[in-house]
Amino acid sequence: MTDPYSGMSSGSASGRIGLGVDVKPHAYDPATNPELFDGVLPRRFIAFVIDVVILAIPLIVAWVFIFAFGILTLGLGWMLFHLLPPLSLLWALFYYGATLGGPASATIGMRAMDIEMRTWYGAPSYFVLGAVHAVVYWISVSVLTPLILVVGFFNSRGRLLHDILVGTVVINNAARAASLRARQVR
C-alpha cells in the first residue's frame, strides 16, 4: 500500500516530512446533549463575579498591610506598593491555573454555579491551560472591548471568543446535567 503523502510504501516512513495530526471531533454536541449547555452563559457571569471577589480579597489585605506598614515606617514602606501589580498578576495566574487545572476543572465561582471547563474534545483542564485561558481572556477583553463576549450568543455551544481561541468549552457539571436531563424526561 502506498502512502499518499510520501509516495512510499506504508512500511517505510523515511521519506515523510512533517507530523501526523490526529484531529479529534467535538466531544459535546448541543443537539444531542442540550442539558450540558442549558443556562451556562448567565451562570458563567455570576461565577466570574465570585472569582473576581476571591481574587480581590488577598490583594485588598495586602494593600491595607502595605498602607499601615508605610505609616509605621514614615512612608518608606509605601515603596512596596510597586510590588502589587506583579503580585496580582501572579496571584491571578496561580488561581486560575490551580483551580481550572484541579480535579473539578472549575474555579471556585464555577463550582458554586455547577459549571466546569473542558477541552473541546472532552479532556479535563490542566494548570497551563487554565492560566493561558485567563491570559487570553484578559488580553482579548482589554484589546477588543467586552463586546467580544457577545460571541457566546451566536454559537450553539455558548463558547466565548477566548474559549474558541484556546480550545475549551464550558459546560454544566455532571450533577447539574443529570438533574436537567431528569427534568426533560418528565
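The values are calculated or read from the model by the stated rules, or taken from the named source; none is laboratory data. These numbers come from a predicted model, not from an experiment. Don't worry about glycine lacking a Cβ; one is built from the backbone with ideal geometry, like all the others, and counts go over all protein chains shown.
Please go through segment 54-109 and give me each residue that is of a type outside the set (A, V, I, L, M) and not in a helix (DSSP H, G or I), ordered by number.
So in segment 54-109, the residues of a type outside the set (A, V, I, L, M) come out as 58, 63, 65, 67, 69-70, 73, 75, 77-78, 81-82, 85-86, 88, 91, 94-97, 99, 101-103, 105, 107, 109.
73, 75, 101, 102, 103, 105, 107 - these are the residues of segment 54-109 that are of a type outside the set (A, V, I, L, M) and not in a helix (DSSP H, G or I).
Taking residue 118 as the residue in question, decide whether it is among the basic types (Lys, Arg) and in contact with a helix residue (DSSP H, G or I) (Cβ under 9 Å, 6 or more places away or on another chain).
Judged against the criteria, residue 118 is not a match.
Against the criterion of being in a loop (DSSP other than H, G, I, E, B), at pLDDT below 95 and either within 17 Å of residue 45 (Cα to Cα) or among the acidic types (Asp, Glu) (or both), residue 158 qualifies. For segment 133-155, a residue qualifies if it is assigned to a helix (DSSP H, G or I) and over 25 Å from residue 29 (Cα atoms), and the qualifying residues are 135, 138, 139, 140, 141, 142, 143, 144, 146, 147.
Scanning segment 132-186 for residues that are among the basic types (Lys, Arg) and either farther than 21 Å from residue 109 by Cα or more than 17 Å from the chain's Cα centre (by Cα) (or both) yields 176, 181, 183, 186. For segment 46-58, a residue qualifies if it is surrounded by 14 or more Cβ atoms within 10 Å (Cβ to Cβ) and not β-branched (Val, Ile, Thr), and the qualifying residues are 47, 48, 51, 55. Selection of first residues in segment 105-133 that are under 21 Å from residue 53 (Cα atoms) and of second residues that are aliphatic (A, V, I, L, M) and not in a helix (DSSP H, G or I), restricted to Cβ pairs under 6 Å at least 6 apart or on distinct chains, gives the following pairs, ordered by first then second residue: 105/117; 111/104; 115/170; 116/106; 117/170.
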